[in-house]
1. Compute the helix-to-body angle for 19-32: its Cα long axis versus the longest principal axis of the chain, expressed 0 to 90° and rounded to tens.
2. Run down the lysines and flag those whose C-alpha is under 21 Å from the C-alpha of LYS50, throwing out any fewer than 8 positions away in its chain.
3. Could you work out how much longer the chain between LEU83 and GLU65 gets when fully extended? Use 0.36 nm per residue separation minus the Cα distance between them, nm to one decimal.
Amino acid sequence: MNKFHIEYEAIHPFIDGNVRTGRFLVNLELIKTGYPPIDIKFTNRVSYYKDFNEHHTKGDLSDMENLFAGYLIERPKYYINILSDE
């Protein structure tokens, strides 16, 4: 999934890039495989773009995998907090 996301983002046929569409597709794939959708935070954008560069210059997906894994670990906590506030 990470490799697809990174490769898709490299196409750039749109004026503003593929970021929104790429993130939508990542979440679609996550949901299809039983994972919750993730929300890549604006505050992590520098890391997010650095991770793209790591893949395109070195072929290394580990930083992007770690970023996504962190979001997947945190997402259930977000839902639990919402449910416990009711």
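What follows draws every value from the coordinates through simple rules; no lab data is involved. All values reported here derive from a predicted model rather than from experimental measurement.
1. That works out to roughly 50 degrees.
2. Cα-Cα hits under 21 Å: LYS3, LYS41, LYS58.
3. Extending this stretch completely gives an extra 3.7 nm.
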